[in-house]
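Trainee: So that we are looking at the same thing, I have put the structure below in structure tokens.
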Amino acid sequence: MTSLGIKTYGAEVLRRMGDPVEDFDERLVPFLERMAETMVIEGGVGLAAPQVGVSRLIAVINPDPDNPDTLVEMINPRIVAVSDEEVSIEEGCLSVPGIRANIVRPAAVTVTYQNREGRDCTLDADGLLARIIQHELDHLDGVLFVDRVSAAKRVLLKPRLRQLLRGRDGE
């Protein structure tokens with residue numbers, strides 16, 4: 001297994017809206033499998049295509065990395081309902097290494113998406129799965145979790161984010 005590599009804070013692809021997947025061809029399944037491998041190798045519980053440099057509406061999610069049966073592959077996903085209840089939980093991101101922050105998000109979501117065969121699916125999720133879905137779908141919209149922190153926290157994070165940008169010099 002080899003990683004596809006993770007794009008980090010400052011990479012242009014992380015700020016673009018992903019393009020819809022229209023062709024469910026022979027290239028899609030190997031890409032989904034490589035994304036899932038990369039997620040495991042990099043120690044994540046979710047991974048969006050822009051994080052590996054591909055601006056497409058694709059995410060892989062596994063709230064229990066030790067159990068491959070809990071892997072969810074989402075193509076062209078869209079959140080269609082959210083709960084009124086919100087929770088604040090600390091988040092981190094493979095694309096923003098070394099930074100964690102409390103983020104307020106709906107406690108539960110309903111998401112529609114297509115699977116690897118192009119079939120329409122609907123998933124009701126709460127808890128950790130709902131959190132991961134929202135985080136990964138933000139990536140597909142060009143949004144990073146650090147965009148969702150309070151203004152005061154953003155000021156505190158600014159030096160660390162600048163440091164991440166400096167680390168990208170020479171890429």
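The values are calculated or read from the model by the stated rules, or taken from the named source; none is laboratory data. Here the structure is a predicted model, which is why all the values come from computation and not from measurement. Here the Cβ positions follow ideal geometry from the backbone for every residue, glycine too, while neighbour counts run over all protein chains shown. Calculation scope for accessible area: heavy atoms of the full protein, side chains included, ligands and nucleic acids excluded. Shrake-Rupley method; radii C 1.70, N 1.55, O 1.52, S 1.80 Å.
Trainee: With +1 on the Cβ of every Lys and Arg and -1 on the Cβ of every Asp and Glu, and nothing else charged, how large is the dipole of the chain about its Cα centre, in debye rounded to the nearest 20? The partial results should precede the final answer.
Mentor: Values: 20 positive and 28 negative charges, 228 e Å.
Result for the chain is approximately 1100 debye, rounded to the nearest 20.
Trainee: Please compute the Cα-Cα pair-distance distribution of the chain with 5 Å bins starting at 0, giving whole percents from short to long.
Mentor: That works out to 1, 9, 17, 21, 22, 16, 8, 4, 1, 0, in percent per bin.
Trainee: Then there is this: Mind running the shape call on region 1-92? Use the C-alpha gyration tensor, a ≥ b ≥ c as the square roots of the eigenvalues: rounded below 1.5 for a/c, prolate if a/b tops b/c, oblate otherwise.
Mentor: Because its axes are fairly even, with a/c under 1.5, region 1-92 counts as rounded.
Trainee: What's the longest bit of the chain with no exposed trypsin sites (Lys or Arg not before Pro), using DSSP loop states and at most 12 other Cβ atoms within 10 Å as the test?
Mentor: Of all site-free stretches, the longest is 28-118.
Trainee: Rolling a 1.4 Å sphere over the protein heavy atoms, what is the accessible area per residue of the chain, to the nearest Å²?
Mentor: Values: 9060 Å² over 171 residues.
With all protein chains present, the chain gives 53 Å² per residue.
Trainee: Still on this structure: Under the Kirkwood approximation for Rh and a Cα-based Rg, what ratio Rg/Rh is obtained for region 86-171? Could you put the intermediate results ahead of the total?
Mentor: Values: Rg = 15.3 Å, Rh = 14.6 Å.
With Rh from the inverse mean 1/r over Cα pairs, Rg/Rh is 1.05.
Trainee: Okay, moving on. In whole Hz, what ³J(HN,Hα) sequence does region 6-14 give by Karplus (6.51, -1.76, 1.60; θ = phi - 60°), x for Gly and Pro?
Mentor: In residue order, the calculated couplings are 10, 6, 10, 2, x, 5, 4, 4, 6 Hz.
Trainee: I need the Kirkwood Rh of region 128-171: take the reciprocal of the average 1/r across all distinct C-alpha pairs and report it in angstrom.
Mentor: 12.0
Trainee: Separate question: I'd like to know which of Val109, Gln51, Pro159 lies farthest towards the positive end of the charge dipole of the chain, counting +1 on Cβ of Lys and Arg and -1 on Cβ of Asp and Glu.
Mentor: Pro159
Trainee: A further question on this structure: P(r) for region 39-104, please, calculated from all Cα pair distances in 10 Å bins and given in %.
Mentor: In order of increasing distance, the bins hold 17, 42, 39, 2 percent.
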